[in-house]
């Protein structure tokens, strides 16, 4: 009888070890593929966004570079001048941003993935506030132009440029935020653990999305 009890205890211990292994290790394995897919798509989104920003900056360099060279003075001269100077910054953000997105090592767990996702969304959300400030500065310069005849052309040119650049960045950042938010809502893997009890014992199943990815049965 003692031997039977010892065998029962040993069997229970073994089952519990398997159960604890299932709870700790299996979810990590089950999440690996959907997490990798999510992070790879996030990287592609960031790359496309940086290409978009870089394309805008390059177009400004070409168009306003020509305009700045051809128009020696007046409001248009300062408008093109500010466009070129402003997009030095845009290009300085787009190129490193693209390289970072392309080479960044993706997080390997759900917690870190969610933290990085929230950080990305918050960056674009904060940027929209800065974009409004840029546009407000443009309006301020246009208002100052009416009171300063000597620098009227410069203030109007710079003000119009800030309105255009701020308007583009506002649209860009809102779009980027919406894209990342949509990706997180529909692409972020979600998991749930369900416990089923029967006359033979109880079982635990991990579900990722709508699929049950792993099950473990503890026999009583």
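Values as computed for the structure displayed
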| quantity | calculated |
| --- | --- |
| Principal axis dimensions, largest first and in whole angstrom, of region 45-181 by Cα | 60, 27, 16 |
| Per-peptide average of other Cβ atoms within 10 Å, ordering 85-92, 147-154 highest first | 85-92, 147-154 |
| Overall Cα dimensions of region 57-97 - principal axes, largest extent first, Å | 35, 13, 9 |
| Separation in nanometres of the label points that stand 7 Å from Cα toward Cβ, at residue 147 and residue 93 | 3.0 nm |
| Efficiency of FRET between residue 178 and residue 132 - r from beta-carbon atoms, R0 22 angstrom, step 0.05 | 0.85 |
| Alpha-carbon centroids, region 150-172 and region 111-145: separation in whole Å | 16 Å |
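Each value in this text was obtained by applying a stated rule to the coordinates, not by laboratory testing. What you are looking at is a predicted structure, and each value in this text was computed from that prediction instead of being measured. Ideal geometry is used to build each Cβ from the backbone, glycine not excepted, and the neighbour counts take in all protein chains shown.
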